[in-house]
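A short worksheet on the structure shown next.
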Amino acid sequence: MTLPTGFSFTQPTTADRAEVLTYNSLVVASTHPVSDLLTLPQPYEDERAVIVRDQHGQIAAFHASYEFSQFPTPGGDIRAGGLTWVGVQPQYRRRGILRAMIAEHFRLSTQAGEAISVLFAAEPTIYGRFGYGAAAFDVRCTFGRGAALRPLTPTTPTSLQEHASSTHEPLTIRIETYDPTQHTQLIETVHKAAGRNVGGTGLNRPGWVTRDTPALVAAHHHTISLTPGKEPQRIIVVERNGTPVGYTRFRRTMSWQNTGPQGRVDAGEVVALDPAASHTLWTTLLDLDLTSEVTAFMLPTDDPIITQLNNNRSIGMTVVDNVWVRILDLPAALSARQYSGSIDLVLEVTDDMLPHNAGCWRVRAQPFGGPHGHDAPRVERTDAPADVTLDIRELSALYLGGVSAASLAAGGLVTADTPQALAQLSSAMAWPLAPCSSWVF
């Protein structure tokens, strides 16, 4: 897949930054002057970005990608390319430029050893045609101030006994103005630990991607605000014996009414390492003075707050697609995760853009084996008849364990030779915890 005549790929340099931001402002309808945007840290690295220039040398399209060296899969991790900043000038749409850009991204990611591509879809109707599947979802919540939480149970599950002595120590909180020099390492350390061992269960959360590069860390932790009317960022830190075990950053917008203050709290990531830390963090966040409403931008669909609330009907919840996955190297991808059940099936996969993925593959794995060592999953080409037939888009949607193969089959998107084969694929590829990324990349 090549660009139309007269268009060419180039790699940006620092000298191109203002031009790229000017182009991007037009594509995304930004209201901010480019001079203001230039004050923000650049989240991507120039060597992982691609400009498409037209016959006059102007930017016609652009995309970049992030290097995720340990993107979390069910029970494992994998190298992934995080596609981002994708756009085409309005006058150049419908010319095949986007398809050529996506193909170039696939080529560069594969060259870098990245077996999957992941993204957040600004428009979800676009990326399915390129083999991306919606593999994770999140919930956007609005709470009234003082929403009551159920008390914590005094018993500790057997699987958590090793953590019992530490998690029963008293918790303290501090609320302060966010300072990147003081809080960046704290946030990144707790965030990574929370994804690897969710709530002390010993299970990881697929899709819980960390900020792996200095550019991403800088972009995530700057304190420059281009939105007036809100206070500086604040942070709540929950600690146990001086060690951080939870955090959230937030801003408040004040509104004074005749009936009293009606301030709003907008929270970012709400992250905790265990049930007690989560309970303390949420209790604090939901009862800040002078406020009446709290919003949490992106939470996993099984976040503890949803079951900790006394009355979860009292909150507004909207479920939205989160991470989209595109498998680039099928055997590498399917071998880099665990399976929740035994699987020995032949999958017949179609893939128009990457023919090396197409054909019949025998997938064999034991429950929670691997993904490395003697019990690692085995994925091999075969001439045996297919048990299940599906497109790469559907396989990509299944990859993180949050989408059911049976549900896709019920929608006519997956075909199974027998109900048993469908049930085996559904149970094996599922994961006990819902996949989710806590931040948009």
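The values are calculated or read from the model by the stated rules, or taken from the named source; none is laboratory data. This one's a predicted model, so the numbers in the text were calculated from it and none came from an experiment. All Cβ positions, even for glycine, are placed from backbone atoms using ideal geometry, and neighbour counts span all protein chains on display.
Considering the range 103-116 alone, what residues qualify as being surrounded by 17 or more Cβ atoms within 10 Å (Cβ to Cβ) and assigned to a loop (DSSP other than H, G, I, E, B)?
Within the range 103-116, 114, 115 meet the criteria.
Given (1) crowded, with 18+ Cβ neighbours inside 10 Å; (2) touching a residue at least 60 places away in the same chain (Cβ under 8 Å); (3) of a type outside the set (D, E, K, R); (4) closer than 30 Å to residue 191 by Cβ, where does residue 70 come up short, assuming only one miss?
(1)
Can you say whether residue 248 is within 23 Å of residue 189 (Cα to Cα) and among the hydroxyl-bearing types (Ser, Thr, Tyr), as far as the supplied structure shows? Talk me through it step by step, then tell me what you get.
Details: within 23 Å of residue 189 (Cα to Cα): yes; among the hydroxyl-bearing types (Ser, Thr, Tyr): yes.
Taking the combined requirement at face value, the residue satisfies it.
Could you please give the count of residues in the range 200-243 that are of a type in the set (A, V, I, L, M), part of a loop (DSSP other than H, G, I, E, B) and buried (at least 20 other Cβ atoms within 10 Å of the Cβ)?
1
Select from the range 399-441 the residues that are within 14 Å of the chain's Cα centre (by Cα) and of a type in the set (Phe, Trp, Tyr) and list them in ascending order.
399, 439, 441
Would a scan of the range 95-109 turn up a residue that is more than 20 Å from residue 129 (Cβ to Cβ) and in contact with a strand residue (DSSP E or B) (Cβ under 6 Å, 6 or more places away or on another chain)?
Going through the range 95-109, the residues more than 20 Å from residue 129 (Cβ to Cβ) turn out to be none.
No, the range 95-109 contains no residue that is more than 20 Å from residue 129 (Cβ to Cβ) and in contact with a strand residue (DSSP E or B) (Cβ under 6 Å, 6 or more places away or on another chain).
Scanning for something at pLDDT 95 or above, hydroxyl-bearing (Ser, Thr, Tyr) and assigned to a loop (DSSP other than H, G, I, E, B), does the range 318-336 turn up at least one residue?
There is no residue in the range 318-336 that is at pLDDT 95 or above, hydroxyl-bearing (Ser, Thr, Tyr) and assigned to a loop (DSSP other than H, G, I, E, B).
Quick one: would you say residue 62 is under 17 Å from the mean Cα position of the chain (by Cα), assigned by TED's automatic domain parsing to the domain that holds residue 91, at pLDDT 95 or above and hydrophobic (A, V, I, L, M, F, W, C)? Full working, then the answer.
Values: under 17 Å from the mean Cα position of the chain (by Cα): no; assigned by TED's automatic domain parsing to the domain that holds residue 91: yes; at pLDDT 95 or above: yes; hydrophobic (A, V, I, L, M, F, W, C): yes.
No; evaluated as a whole, the condition is false for this residue.
Specify which of the listed residues (291, 284, 301, 280) is under 13 Å from residue 139 (Cα atoms), surrounded by 15 or more Cβ atoms within 10 Å (Cβ to Cβ) and not assigned by TED's automatic domain parsing to the domain that holds residue 377.
Working: 291 fails: under 13 Å from residue 139 (Cα atoms); 284 fails: under 13 Å from residue 139 (Cα atoms); 280 fails: under 13 Å from residue 139 (Cα atoms).
Testing whether each residue is under 13 Å from residue 139 (Cα atoms), surrounded by 15 or more Cβ atoms within 10 Å (Cβ to Cβ) and not assigned by TED's automatic domain parsing to the domain that holds residue 377 leaves just 301.
Give 421, 406, 384 a once-over and let me know the one that is within 26 Å of residue 127 (Cα to Cα) and among the small types (Gly, Ala, Ser). So that I can check it myself, show each step before the final result.
Working: 421 fails: within 26 Å of residue 127 (Cα to Cα); 384 fails: within 26 Å of residue 127 (Cα to Cα).
Selected residue: 406, the only one of 421, 406, 384 that is within 26 Å of residue 127 (Cα to Cα) and among the small types (Gly, Ala, Ser).
Test residue 382 against the criterion of being at pLDDT 95 or above, farther than 29 Å from residue 138 by Cα and of a type in the set (Val, Ile, Thr), and give yes or no.
Working: at pLDDT 95 or above: yes; farther than 29 Å from residue 138 by Cα: yes; of a type in the set (Val, Ile, Thr): yes.
Yes: the conditions hold for residue 382.
Looking for something of a type outside the set (Asp, Glu), touching a Ser or Thr at 6+ places or on another chain (Cβ under 8 Å) and outside any strand (DSSP E or B) - is there at least one such residue anywhere in the range 74-81?
As a first pass, look at the range 74-81 and keep what is of a type outside the set (Asp, Glu): 74-76, 78-81.
Filter once more, so that each one left must be touching a Ser or Thr at 6+ places or on another chain (Cβ under 8 Å): 74, 79-81.
Filter again for outside any strand (DSSP E or B), leaving 74.
Among the residues of the range 74-81, at least one is of a type outside the set (Asp, Glu), touching a Ser or Thr at 6+ places or on another chain (Cβ under 8 Å) and outside any strand (DSSP E or B), which makes the answer yes.
Looking at residue 347 and the list (1) buried (at least 19 other Cβ atoms within 10 Å of the Cβ); (2) at pLDDT below 95; (3) hydrophobic (A, V, I, L, M, F, W, C); (4) touching a Cys at 6+ places or on another chain (Cβ under 8 Å), which single condition is not satisfied?
In the conditions (1) buried (at least 19 other Cβ atoms within 10 Å of the Cβ); (2) at pLDDT below 95; (3) hydrophobic (A, V, I, L, M, F, W, C); (4) touching a Cys at 6+ places or on another chain (Cβ under 8 Å), residue 347 misses (2) alone.
Here are 325, 270, 245: which of them is under 22 Å from the mean Cα position of the chain (by Cα) and not assigned by TED's automatic domain parsing to the domain that holds residue 222? Quick ask: steps written out before the conclusion?
Working: 270 fails: not assigned by TED's automatic domain parsing to the domain that holds residue 222; 245 fails: not assigned by TED's automatic domain parsing to the domain that holds residue 222.
On inspection, the qualifying residue turns out to be 325.
For the range 410-428, name all the residues that are of a type in the set (Gly, Ala, Ser) and either in contact with a strand residue (DSSP E or B) (Cβ under 6 Å, 6 or more places away or on another chain) or surrounded by fewer than 21 Cβ atoms within 10 Å (Cβ to Cβ) (or both). Steps first, please.
Start the filter on the range 410-428 by keeping residues that are of a type in the set (Gly, Ala, Ser), which leaves 410-412, 416, 421, 423, 426-428.
Listed by number, the residues that qualify are 410, 411, 412, 416, 421, 423, 427, 428.
Looking only at the range 158-179, which residues are of a type outside the set (S, T, N, Q) and either at pLDDT 95 or above or part of a strand (DSSP E or B) (or both)?
Taking the range 158-179 as the starting set, the residues that turn out to be of a type outside the set (S, T, N, Q) are 160, 162-164, 168-171, 173-176, 178-179.
Hits for the range 158-179 are 171, 173, 174, 175, 176, 178, 179.
If only one of 433, 400, 422, 390 is in a strand (DSSP E or B) and not small (Gly, Ala, Ser), which one is it?
Values: 433 fails: in a strand (DSSP E or B); 400 fails: in a strand (DSSP E or B); 422 fails: in a strand (DSSP E or B).
Within the list 433, 400, 422, 390, the selection yields 390.
What pairs come up if the first residue lies in the range 168-179 and is of a type in the set (S, T, N, Q), the second is part of a strand (DSSP E or B) and surrounded by 13 or more Cβ atoms within 10 Å (Cβ to Cβ), and their beta carbons are under 8 Å apart, counting only those six or more places apart or on different chains?
If the second residue must be part of a strand (DSSP E or B) and surrounded by 13 or more Cβ atoms within 10 Å (Cβ to Cβ), the pairs left are 172/238; 172/239; 172/240; 177/234; 177/235.
Among the residues of the range 353-370, what is the count of those that are touching a Phe, Trp or Tyr at 6+ places or on another chain (Cβ under 9 Å) and not in a strand (DSSP E or B)? Before you say what the answer is, go through the steps one by one.
Just the residues of the range 353-370 that are touching a Phe, Trp or Tyr at 6+ places or on another chain (Cβ under 9 Å), to begin with: 353-354, 363, 365-370.
Within this subset, residues satisfying the condition of being not in a strand (DSSP E or B) are 353-354, 366, 368-370.
Matching residues across the range 353-370 total 6.
Condition first: surrounded by fewer than 24 Cβ atoms within 10 Å (Cβ to Cβ) and farther than 20 Å from residue 11 by Cα. Can you find one or more residues in the range 81-89 that meet it?
So far as the range 81-89 goes, no, none of its residues is surrounded by fewer than 24 Cβ atoms within 10 Å (Cβ to Cβ) and farther than 20 Å from residue 11 by Cα.
Applying the selection to the range 117-157, what residues are in contact (Cβ under 8 Å) with a residue 60 or more places away in the chain, within 30 Å of residue 288 (Cβ to Cβ) and in a loop (DSSP other than H, G, I, E, B)?
120, 136, 145, 146, 147, 148, 150, 152
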